[in-house]
Amino acid sequence: MKPFSSFLILLFSMLVLACANPLIEANKEMRAQIIGVHDEVMPKIGELMSLEKKALAQADSLFAQDSTVSSEIEALRALAEQLNQAHEGMFVWMRQYSLDEEGKTPEELKTYLDEQLVKVNQVNADIKAALELTALKLKN
């Protein structure tokens, strides 16, 4: 009788694991999606900093030449600030993002990953918007 009860326990355990598997797999896929968004824009971080410096240099140069064109100068400084904020946004997100799953249920992890996907997509959008604006406003 003992082998039969061991078999039932094993069978029950397998059923429980099989039922939880879809959410665990979905969480793995979501984590991969989050990292994919990160990996898409992370290589642009250096470009953000370079363009920020360029925008500030152009603003300073324009100010030195003709301080009466304050709207252009302010636009360049605002662009530099947007580039800086996009850069900082990535690092703020990265500092708070955690790979630690210990102690979280699959449901809690899903909620966390849903929130992180929204945040990293916002970082992505901010970086791309800053780069698009730069293309329009910054002189070569």
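The values are calculated or read from the model by the stated rules, or taken from the named source; none is laboratory data. Since the structure is predicted, the reported quantities are computational estimates derived from the model, not experimental observations. Note: ideal-geometry Cβ built from the backbone for every residue, glycine included; neighbour counts use all protein chains shown.
Here is a yes/no grid of residues against (1) of a type in the set (Val, Ile, Thr); (2) exposed (fewer than 15 other Cβ atoms within 10 Å of the Cβ); (3) modelled with pLDDT of 65 or more; (4) within 30 Å of Pro106 (Cα to Cα):
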site: Phe7; (1), (2), (3), (4): no, yes, no, yes
site: Phe12; (1), (2), (3), (4): no, yes, no, yes
site: Leu17; (1), (2), (3), (4): no, yes, no, yes
site: Glu25; (1), (2), (3), (4): no, yes, yes, yes
site: Ala55; (1), (2), (3), (4): no, no, yes, no
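Consider Glu74 carefully, then state whether it is on the phi < 0 side of the Ramachandran plot and modelled with pLDDT of 90 or more.
Working: on the phi < 0 side of the Ramachandran plot: yes; modelled with pLDDT of 90 or more: yes.
Yes, satisfied.
Restricting segment 91-126 to residues that are part of a helix (DSSP H, G or I) and charged (D, E, K, R), which is farthest from Ala26 (Cα to Cα)?
Residues of segment 91-126 part of a helix (DSSP H, G or I): 91-96, 106-126.
Then drop every residue that is not charged (D, E, K, R), which leaves 95, 107-108, 110, 114-115, 119, 126.
Values: Arg95: 24, Glu107: 11, Glu108: 13, Lys110: 8, Asp114: 11, Glu115: 15, Lys119: 18, Asp126: 27 Å.
Only one residue tops the list, namely Asp126.
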Query raised in the report: Has segment 109-124 got at least one residue that is farther than 30 Å from Leu23 by Cβ and either modelled with pLDDT of 95 or more or touching a Cys at 6+ places or on another chain (Cβ under 9 Å) (or both)?
Result: no
